[in-house]
Each structure stands twice: as structure tokens, then as C-alpha cells.
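The next block holds one structure in the form of C-alpha cells; read it before the comments.
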Amino acid sequence: MKKIEINTPITIFENIDELPADDLYLLTSAKEATYKSYAPYSNFNVGCAILLDNGEIISGANQENAAYPACICAERVALSAISCIHPNAIPIKMAIVAINQNKENTAPAAPCGECRQAIYEWEKRHNHPIEIFMRGETGEIYKVDSVAELLPLAFKKDDLI
Ligand code: THU
């Protein structure tokens, strides 16, 4: 028997002044995308902005439904939009911002498990890591170099062969 440990390297920026200008722009785009959120049930507005290899930024926001399982997270809205608008583009960086209408959210907006799996599919499909920046309404910004850091032992296409 043996035990292994899997670590998650996270870069933490104390505030937006520490971010390079292009990353700050992406994070700002994610915050602006929260205004496109439809979240009358959770009052939790999530925005996601994705930088593509062609320089374009595509954003999305969570869209809720009275039938709760029909809700879609911001990350998967943005990824689906890429498939339709820039089908051959490769996602390079993603920023996620979450605003809680009931209290100031200072917790970095980490993607849910289902979104981690979806983002992972994109990384594998294009064989390119996606840097992920996460922030609440205010507070520290967390960055991981790849969604693989957030999804150890990920389930993937090869597992089906
Ligand atoms: N949500 C996202 O948009 N992304 C995530 O990664 C976590 C959760 C949304 C879904 C739902 O509309 C609301 O946040 C509360 O769960």
C-alpha cells in the first residue's frame, strides 16, 4: 500500500493592481458579463470571459430556470458560445467573477465540478492548457495554470477506449 498526494499550485494576487494589464482586462470583462446573468433564484451572478488564440474575448453568464436542473453556469454558456461563434479558436485564458446580491462576496469564484469537467474537455480537445482567474466581487484573485490543477484524476475520452 502507498499514499500519494496531489498538490494544487495556485498563484494569488492580493488585488487587481498586481495583475498584468491584459489579464485585468479579461477579469473586467468577466465582471461586466455578470450583468448578463439571469439569476432570480440564487441571486448569485456569475460572469465568465474567455480569451481565444485569435485575440477575441467571448463571455457568458449563468442562466437560471424555475426547473433548477435546467440552469446553466456562466462557464458553460461562454464555452458553448465559442463553439458557435469561433468554432476553430482555442481558449487560452478564462476569468470568472461571482457576485452575491445578498452580501459582498470576497471568495474567488471557483468553477463547479461540472464546469471543471467541461473546461477539461476543451483543454484535451485542443491540447492546450487554459489559465483560470477567479475572483469574487472584491478580494484576492486566484489563478491556476490549467483546469487540470482543479480536477485531479480527471475522467477523459481515453477512459472510454
Ligand atoms: N454557477 C455558475 O455560473 N458557475 C459555477 O461554476 C458555479 C455556479 C451559477 C449556477 C447558478 O445559477 C448559481 O451560480 C448558483 O449556483
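The values are calculated or read from the model by the stated rules, or taken from the named source; none is laboratory data. Nothing here was measured: the structure is a model prediction, and the numbers come from that model. Positions of Cβ are backbone-derived with ideal geometry, glycine not excepted, and every protein chain shown enters the neighbour counts.
The table below lists the values:
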read-out: Residue among Glu104, Glu75, Glu64 that alone is at pLDDT 95 or above and under 16 Å from the mean Cα position of the chain (by Cα); value: Glu75
read-out: Residues satisfying the stated conditions in segment 117-135, i.e. surrounded by fewer than 18 Cβ atoms within 10 Å (Cβ to Cβ) and either outside any helix (DSSP H, G or I) or under 9 Å from the mean Cα position of the chain (by Cα) (or both); value: Asn127, His128, Pro129
read-out: Subset of segment 34-72 [near the ligand (Cβ under 8 Å from one of its atoms) and surrounded by fewer than 21 Cβ atoms within 10 Å (Cβ to Cβ)]; value: Ala39, Tyr41, Ser42, Phe44, Gln63, Glu64, Cys71, Ile72
read-out: Residue list for segment 76-116, filter: within 13 Å of the ligand (Cβ to nearest atom), within 22 Å of Asp22 (Cβ to Cβ) and assigned to a strand (DSSP E or B); value: Met94, Ala95, Ile96, Val97, Ala98
read-out: Test: residue in segment 9-29 that is small (Gly, Ala, Ser), under 14 Å from the mean Cα position of the chain (by Cα) and within 13 Å of the ligand (Cβ to nearest atom); value: no
read-out: Options Glu131, Glu149: the member that is under 18 Å from Thr8 (Cα atoms), of a type in the set (Asp, Glu), within 16 Å of the ligand (Cβ to nearest atom) and modelled with pLDDT of 95 or more; value: Glu149
